1. Is it fair to say Leu16 is buried (at least 17 other Cβ atoms within 10 Å of the Cβ) and of a type outside the set (Lys, Arg)?
2. Going through the stretch 66-92 one residue at a time, which ones are over 19 Å from Leu121 (Cα atoms) and basic (Lys, Arg)?
3. Residues Lys10, Lys54, Lys47, Lys38: which one is exposed (fewer than 12 other Cβ atoms within 10 Å of the Cβ) and at negative phi?
4. Here is a check on your reading of the model: is Phe12 touching a Cys at 6+ places or on another chain (Cβ under 7 Å), part of a helix (DSSP H, G or I) and either hydrophobic (A, V, I, L, M, F, W, C) or over 19 Å from Ala117 (Cα atoms) (or both)?
5. Any idea which of Phe109, Phe115, Phe58 is over 12 Å from the mean Cα position of the chain (by Cα), farther than 27 Å from Asn14 by Cα and either touching a residue at least 40 places away in the same chain (Cβ under 8 Å) or assigned to a loop (DSSP other than H, G, I, E, B) (or both)?
6. Looking at Phe91, is it modelled with pLDDT under 95, assigned to a helix (DSSP H, G or I), buried (at least 16 other Cβ atoms within 10 Å of the Cβ) and aromatic (Phe, Trp, Tyr)?
7. Name every residue in the stretch 78-137 that is of a type in the set (A, V, I, L, M) and touching an Asp or Glu at 6+ places or on another chain (Cβ under 9 Å), in order of residue number.
8. Go through the residues of the stretch 94-106 one by one and say whether even a single one is within 16 Å of Val27 (Cβ to Cβ), part of a helix (DSSP H, G or I) and aliphatic (A, V, I, L, M).
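The values are calculated or read from the model by the stated rules, or taken from the named source; none is laboratory data. Bear in mind the structure is a predicted one, so any value in this text is a computation, not a measurement. Because the Cβ atoms are built from the backbone with ideal geometry, glycine has one as well, and the counts that use them run over all protein chains shown.
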Amino acid sequence: MSTDATLANKNFQNNLQWSLLFLRVGVFIVMFVWTLDKFVNPAHSIKIFEHFYKISGFTDILAYSLGALQLLLVMTFLFGIKKRLTYGLIFLMHAGSTFSAYAQYYDAFNNLLFFAAWPMLAACAALYLLREADTKFTLGK
């Protein structure tokens, strides 16, 4: 391999690793705020579960418990630990929230912010598919 090709490949790998880090941190920020919402305003989480997931009977204790589990997940995701599992669960969680809001997409212009879920879903998919290349500032393999 020529020196130019080697340098181009090194630059590509470096750019890929930084890009994946930016995606991971961006997804983490959203998921972290959603997690904090379960602690700061459990009533809001309860309403979301009732409205979007059609799950009733949630209590503050359940919101706090889910928040604790989600906090563990998003932190392990941020640090790139057990990537197949954590990136996969983040992707599935976000896919569930994106698809559960299907009714909001019918009235697009009154629900524009819901469409932000789609590029984030794409970012989650990209992170899952490229998880082995996502090595910048990770603690996992």
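1. Considered against the rule, which asks whether it is buried (at least 17 other Cβ atoms within 10 Å of the Cβ) and of a type outside the set (Lys, Arg), Leu16 comes out as no.
2. Lys82, the sole residue that qualifies.
3. Details: Lys54 fails: at negative phi; Lys47 fails: exposed (fewer than 12 other Cβ atoms within 10 Å of the Cβ); Lys38 fails: exposed (fewer than 12 other Cβ atoms within 10 Å of the Cβ).
Residue meeting the stated conditions: Lys10.
4. Details: touching a Cys at 6+ places or on another chain (Cβ under 7 Å): no; part of a helix (DSSP H, G or I): yes; either hydrophobic (A, V, I, L, M, F, W, C) or over 19 Å from Ala117 (Cα atoms) (or both): yes.
So Phe12 does not fit the description; no.
5. Numbers: Phe109 fails: either touching a residue at least 40 places away in the same chain (Cβ under 8 Å) or assigned to a loop (DSSP other than H, G, I, E, B) (or both); Phe115 fails: either touching a residue at least 40 places away in the same chain (Cβ under 8 Å) or assigned to a loop (DSSP other than H, G, I, E, B) (or both).
Sole residue among the options that is over 12 Å from the mean Cα position of the chain (by Cα), farther than 27 Å from Asn14 by Cα and either touching a residue at least 40 places away in the same chain (Cβ under 8 Å) or assigned to a loop (DSSP other than H, G, I, E, B) (or both): Phe58.
6. Numbers: modelled with pLDDT under 95: no; assigned to a helix (DSSP H, G or I): yes; buried (at least 16 other Cβ atoms within 10 Å of the Cβ): yes; aromatic (Phe, Trp, Tyr): yes.
No, not satisfied.
7. Leu127
8. Of all residues in the stretch 94-106, those within 16 Å of Val27 (Cβ to Cβ) come to 94-98.
Filter once more, so that each one left must be part of a helix (DSSP H, G or I): 94-98.
The next check asks that each one be aliphatic (A, V, I, L, M); those that pass are 95.
Yes, the stretch 94-106 contains at least one residue that is within 16 Å of Val27 (Cβ to Cβ), part of a helix (DSSP H, G or I) and aliphatic (A, V, I, L, M).
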